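Heads up, the thing below is written out as structure tokens.
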Amino acid sequence: MVLDGQVWLITGASGIGAATARLAAVYGARVFVCGLEDAECRELAAECGGGFHTGDLSISAEAEKAVARCISELGPVDALFNVAGGSGRRFGDGPLHLITDHGWDRTFDVNLKTMFMVSRSVLRRMIVRGHGAILNMATVTAYSPEPKHFATHAYAAAKGAVISMTKAMASYYAPQGIRVNAIAPGLVRTPMSFRAQTDEQILQLMKTKMPLAGALIDPDDIARAAVFLLGPGATMITGQVLGVDAGWEVS
């Protein structure tokens, strides 16, 4: 696979976002990364030979600034990977009857509003060019819940909305040459999953819940699927949700 000359905008500078940025750069993409931590973004951009923007992408002005900076430094966006998101547990997410108002709002801001803001800004430019690819970050728990250890209902609802938006976007923008898909990982070894990585009960569960891994999934496994869906090998694929869950859904 050759990505020479393509500009990839990735909204994440750690975990899956970082793994995808590195792999895309290996294949020749010009990578622009976004995140909340300046040092993290700066280091990854330097490693990939690309650019970066630091800011809260759930804010319209920040999202617009990030896209404009990417285009100014690297050129028009060919591929957008909406990775930005995370658990809302620390904000007050949990089982529905326990979710706080702030927990609900912040979880949706982090996982859905960022996708909306960045996608809107990118699509306004992609439409003019008549081609492009967008990949959105869902999760297997949006349609295959695990109630004992992963009862974060605002997170599941936000990611369910990501899937619905992906389908609607794919349908609308296909005639304009723009593909939109989603990827739905199982439990991945990232900073977001630190709680799970240190919980012996969850680690034991993963041996049977995700039998292909027998543990947490490596970010590189998600990155390979992401690069495929955004790359030239998937030019006839749109409106799909690809589960990369090591067997979670069928176990």
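Please tell me if T100 is within 25 Å of R195 (Cα to Cα), crowded, with 23+ Cβ neighbours inside 10 Å and hydroxyl-bearing (S, T, Y).
no
Starting from the range 222-245, take each residue that is at positive phi and at pLDDT 95 or above and list its partners that are surrounded by fewer than 23 Cβ atoms within 10 Å (Cβ to Cβ) and hydroxyl-bearing (S, T, Y), counting only C-beta distances under 8 angstrom and pairs at least six apart or across chains.
As it stands, the answer is G239/S171, since those pairs meet every condition given.
Could you say which residue among L44, L3, L23 is of a type in the set (A, V, I, L, M, F, W, C) and more than 19 Å from the chain's Cα centre (by Cα)?
Criteria check complete, one pass: L3.
State all residues of the range 129-153 that are within 20 Å of the chain's Cα centre (by Cα) and within 15 Å of I237 (Cβ to Cβ); if no residue qualifies, say none.
G132, A133, I134, L135, N136
Residues to consider are A39, A68, A46, A63; find the one that is surrounded by 19 or more Cβ atoms within 10 Å (Cβ to Cβ) and of a type in the set (A, V, I, L, M).
Just a single option satisfies the conditions, and that option is A63.
Any residue at all in the range 77-93 that is surrounded by fewer than 16 Cβ atoms within 10 Å (Cβ to Cβ) and either over 25 Å from R224 (Cβ atoms) or in contact with a Cys (Cβ under 8 Å, 6 or more places away or on another chain) (or both)?
yes
Being in contact with a Phe, Trp or Tyr (Cβ under 8 Å, 6 or more places away or on another chain), of a type outside the set (G, A, S) and under 21 Å from N181 (Cβ atoms) narrows it down to one of N111, N136, so name that one.
N111
If L212 passes every condition in (1) out of contact with any Asp or Glu (no Cβ under 7 Å at 6 or more places or on another chain); (2) under 24 Å from A79 (Cβ atoms) but one, which one does it miss?
(2)
Any chance you could count how many residues in the range 86-114 are in contact (Cβ under 8 Å) with a residue 60 or more places away in the chain and within 14 Å of the chain's Cα centre (by Cα)?
So the answer is 3.
Any idea which of A156, A182, A223 is assigned to a helix (DSSP H, G or I), crowded, with 17+ Cβ neighbours inside 10 Å and under 13 Å from the mean Cα position of the chain (by Cα)?
A223
Tell me which of these F32 doesn't satisfy, since it passes every other one: (1) outside any helix (DSSP H, G or I); (2) farther than 26 Å from S193 by Cα.
Among (1) outside any helix (DSSP H, G or I); (2) farther than 26 Å from S193 by Cα, the lone unmet condition for F32 is (2).
The values are calculated or read from the model by the stated rules, or taken from the named source; none is laboratory data. Just so you know, these numbers come straight off a predicted model, no measurement behind them. For neighbour counting, all protein chains shown are included, and Cβ atoms are generated from backbone atoms with ideal geometry for every residue, glycine included.
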